[in-house]
1. Fewest first, what order do C174, C156 take by the number of other Cβ atoms within 10 Å?
2. Show me the GluC sites (Glu not before Pro) within region 65-168 that DSSP assigns to loop and that have at most 11 other Cβ atoms within 10 Å of their Cβ.
3. As a footprinting exposure proxy, order D141, D222 by other Cβ within 10 Å, with the fewest listed first.
4. Find which of P273, L299, F242 sits farthest along the positive direction of the dipole of region 160-319, computed with +1 on the beta-carbon of Lys and Arg, -1 on that of Asp and Glu, about the Cα centre.
5. Report the net charge of residues surrounding I267, where surrounding means a beta-carbon distance below 14 angstrom and charges are Lys +1, Arg +1, Asp -1, Glu -1.
6. Using the number of other C-beta atoms within 10 angstrom as an exposure proxy, rank H92, H112 with the fewest first.
7. Given the pairs K102/K168; K213/K234; K185/K229; K185/K234; K213/K313; K132/K234, which span a C-alpha to C-alpha distance of over 23 angstrom in this model?
8. Nearest 0.05, what FRET efficiency do R4 and R95 give at R0 = 22 Å with Cβ-Cβ as r?
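A short reminder: the numbers here are calculations on the coordinates, not readings from a lab. Keep in mind the model is a prediction, meaning the values are calculated, not measured. Reconstructed Cβ throughout: ideal geometry from the backbone, glycine too, with neighbour counts over all protein chains shown.
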Amino acid sequence: MTIRRLSLDQLQPLQELYYHMAGNDADLEAQLDAVGIVQPLIGVHTADGVGLLDGFRRYEWLARQEPRKVLVQVFPKGQMGRAFVSALSVNHWTRPLSIVEKARALRLARAHLGDEVGEEAARLLEVPPVRKIRQLLAWIDQLPAPARRWLHSARCSVRQVERLRAVKILESPCWLEAAESLNLKAQEFVNLAEQLWEIALRDGSSLDQLYQKLGVDALLGDRRTVQQKQQTLKQRIEETRFPLLKAIQQNVQQQLQQLPRPTGQTIRFTWDPTLERTGVGLQTWIASEADLERLQKLLGDWKFRSSLKQVLKNIQQIG
């Protein structure tokens with residue numbers, strides 16, 4: 001390997017070996033015009049071998065000079081595998097590759113450089129020689145572009161991808177767009193996806209039909225904050241999963257509103273739908289002995305106690 005200063009017109013990008021998600025289709029010269037260096041390490045054809053433009057080491061970019069030249073690590077012909085592994089090592093060390101980039105890098109290594117280079121790349125990327133994981137990576141590399149983009153941006157783990165694959169949500173572009181719009185983290189999306197799949201299996205519907213039923217398009221388009229939209233979607237999914245539970249909750253709330261209250265005194269009844277605390281809360285302000293007497297009278301009234309017992313019974317049913 002040698003280091004040479006070469007003109008840009010002598011270099012042709014090794015596009016067939018690009019595995020990074022960002023900038024894969026960008027022209028080499030356009031990248032140089034934009035940032036002055038190429039990051040991450042990128043492979044190029046040279047007149048007499050294979051070269052690497054090393055963004056990590058910040059090789060000098062002489063764009064203002066004529067002819068425009070850059071410093072290039074040049075490997076002899078026949079050593080493309082060595083150049084690929086060298087670049088992969090630096091790139092993965094400076095910014096660990098996502099699971100999507102790993103899948104692509106392994107496929108390209110095997111397809112263009114052979115199984116030996118592919119296995120060396122797998123060791124560098126810490127991909128174990130487990131058939132199930134290798135099959136999963138091959139499956140990831142065949143996913144539609146929207147699914148690969150989301151998996152890359154969310155930095156999903158192998159386990160998270162396995163769970164998403166099981167519920168088939170990566171085949172639904174509308175849900176992927178929703179996850180991106182709502183800034184859902186990987187684990188948040190996994191949890192929602194599994195809940196949606198449970199509903200779909202129970203109701204015999206598709207994930208896309210659930211998307212329409214839950215009114216996600218309208219939700220994404222309204223003026224609420226991202227956090228409010230997230231909460232609303234989670235609430236709608238929960239209500240759809242447990243319609244009977246929702247009906248009981250509404251009944252409890254209605255019964256609380258109908259409980260007798262003394263004239264001239266404000267009393268508020270509350271409860272915790274999450275059931276972290278069971279029972280009913282009572283809130284009031286006692287400013288005088290008259291308030292206290294009214295409260296005592298209320299608690300002693302058999303109609304009030306009977307109604308309250310029914311509310312408590314309904315809450316116990318939910319638990």
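1. Values: C174 17, C156 24.
Going from least to most buried by this count: C174, C156.
2. On the way: sites: E101, E116, E119, E120, E126, E162; in loops: E126.
Taking region 65-168 and a limit of 11 other Cβ atoms within 10 Å, the loop GluC sites (Glu not before Pro) found are E126.
3. On the way: D141 18, D222 9.
Placing the least packed residue first, the sequence is D222, D141.
4. L299
5. On the way: positive: R261, R268, R294, K297; negative: D291, E293, D301.
So the environment of I267 carries a net charge of +1.
6. Details: H92 19, H112 15.
Fewest-to-most Cβ neighbours within 10 Å comes out as H112, H92.
7. Details: K102/K168 21 Å; K213/K234 14 Å; K185/K229 14 Å; K185/K234 14 Å; K213/K313 33 Å; K132/K234 32 Å.
Check vs 23 Å cut-off fails for K213/K313; K132/K234.
8. That pair, R4 with R95, gives E of 0.25.
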